[in-house]
1. Do we find a residue being farther than 17 Å from residue 331 by Cβ and among the β-branched types (Val, Ile, Thr) anywhere in segment 251-258?
2. If I go through segment 104-131 residue by residue, how many of them are touching a residue at least 60 places away in the same chain (Cβ under 8 Å) and of a type outside the set (D, E, K, R)?
3. Look through 292, 332 and report the one residue that is more than 18 Å from residue 215 (Cα to Cα) and more than 13 Å from the chain's Cα centre (by Cα).
4. When residue 75 is evaluated against the numbered criteria (1) modelled with pLDDT under 95; (2) surrounded by fewer than 20 Cβ atoms within 10 Å (Cβ to Cβ); (3) not aliphatic (A, V, I, L, M), which criterion, by number, is the only one it fails?
5. Need the failing condition index for residue 236 against (1) crowded, with 21+ Cβ neighbours inside 10 Å; (2) at pLDDT 95 or above, just the number.
6. Six or more apart or on different chains, Cβ under 9 Å: which pairs go from a residue in segment 393-413 that's within 16 Å of residue 30 (Cα to Cα) and touching a residue at least 60 places away in the same chain (Cβ under 8 Å) to one that's charged (D, E, K, R) and part of a loop (DSSP other than H, G, I, E, B)? Could you list them?
7. If residue 337 satisfies all but one of (1) in contact with a Pro (Cβ under 9 Å, 6 or more places away or on another chain); (2) crowded, with 20+ Cβ neighbours inside 10 Å; (3) at pLDDT below 95, what's the number of the condition it fails?
8. Take segment 182-196 and flag every residue that is under 14 Å from residue 128 (Cβ atoms) and in contact (Cβ under 8 Å) with a residue 60 or more places away in the chain.
Amino acid sequence: MTDNGAARRARVLTNGTIHSPTEPYADAMLVEDGLIAWVGSAETAETFDASTLEVEDLDRALVAPAFVGWADVAGGGSSGPDSAGVQGLAAAAVQALDAAAAQGCGAVRLNVELSATGLSEPSASETLEAVFSAAAAHAVRAYPVVTLTGLSLLDTGDRMEALERAVSMLGPVDLLLDRPAAVQLLVGEVVDQLLEVRLVAAQAKRQLLLRVADEGESATSNQAPAPAELVAALVDSTSAMRAQRRSTPGGLPTVLVGFDSAERQDWEALLNTGVQVLIRGRGHLATALSVGVPVSAVGSPDENPWAVVTRHVHHEQDPVSVRAGFNAQTRGAYRSLPEASGTAATAAQLDPGARATYGVWEVDSLAVQTPDSRTAAWSTDVRARTPLLPYLDGETLPALRATVIDGDQVHPRTS
């Protein structure tokens with residue numbers, strides 16, 4: 001852990017590129033008390049009283065909002081881990097958050113799996129307490145997810161009872177992290193009871209994640225229905241919930257994790273459900289955005305986030321701009337997180353008043369890169385007010401120099 005920065009002087013970053021929509025050609029930024037106090041030109045920064053500031057020379061690096069990642073911590077089988085295993089899971093959570101910081105992430109959905117057949121075991125609650133207590137002490141903001149597996153092993157009538165029991169175990173997790181835990185289910189296990197599942201989550205005021213597939217996993221291995229079938233089930237359940245006036249609470253959108261479809265009509269139908277999508281791996285991000293579906297993206301825990309942007313930029317059938325791919329892992333991802341006091345939403349952009357949570361990246365060149373490489377611009381009309389991002393050629397990637405969260409450098413550690 002780094003120090004809390006309580007006695008730290010304000011810090012001015014200069015001689016780089018600050019990715020800020022409000023000041024798209026900024027090359028300097030002032031950080032004070034964990035917040036961004038000012039963004040502007042290096043010439044203006046030179047007028048500040050240097051004796052009261054720490055001055056950081058960026059040496060032409062790019063400063064961009066921190067990414068949002070995903071990390072999994074296995075929760076054991078139906079009998080759960082023993083006490084030593086529980087502590088091992090806590091250590092694994094810390095390692096996962098360290099790894100996220102090393103990839104330029106300021107926030108992470110931290111997922112713990114529990115078996116539906118082992119919820120009554122003491123180790124289930126012990127696992128949640130150990131993992132999320134460890135996460136609460138980490139600089140990276142962990143957004144808790146508890147995945148309930150094995151529902152298909154239960155009788156149909158027992159599945160909702162198990163879900164309700166799992167949801168009732170999340171209150172202590174909320175208190176540990178001061179943000180609400182979400183519950184994730186394998187969609188293939190609950191698609192036939194989708195309305196009941198969504199009603200339980202809505203009644204409990206919990207964000208519901210429906211896992212279609214993880215990165216590198218096919219939807220069929222999860223026994224997930226075909227995209228059109230799944231969307232139809234979501235449309236039907238949404239209509240039924242609205243008829244009962246029991247819609248999903250605001251700020252807690254249902255999220256399809258790993259959903260994708262090459263068919264535009266599937267995305268268009270999904271738009272009417274109010275459901276968001278988290279793309280794992282290579283997906284049709286451009287189609288989703290063109291339709292208007294709220295969508296975010298994430299890579300594997302050990303993956304450079306710019307590699308995720310690159311594969312969407314160079315998607316053979318559905319390419320997007322670098323800006324769209326970048327926003328899917330920053331602004332779009334932050335907006336998909338459950339709302340709570342102290343939410344990280346203001347970390348999505350580097351604007352005055354926002355939390356100073358960002359990555360410092362070494363880049364070869366900057367541009368406004370569109371899906372059609374013929375229109376990529378190495379410099380743009382100032383009137384367009386479009387901030388620059390790395391030019392991604394499909395081979396080289398930006399290299400992380402530092403991750404800063406709330407004004408404190410957390411990677412590499414300074415002490």
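1. Yes - at least one qualifying residue is present in segment 251-258.
2. 5
3. Selected residue: 292, the only one of 292, 332 that is more than 18 Å from residue 215 (Cα to Cα) and more than 13 Å from the chain's Cα centre (by Cα).
4. Here residue 75 meets the rest and fails (2).
5. The number of the failed condition is (1).
6. Partner pairs satisfying both residue conditions: 407/8; 407/33; 408/3; 408/8.
7. (1)
8. 182, 184
The values are calculated or read from the model by the stated rules, or taken from the named source; none is laboratory data. Computed from a predicted model, the values in this text were never measured in an experiment. Every residue, glycine as well, gets a Cβ built from its backbone with ideal geometry; the counts of neighbours run over all protein chains shown.
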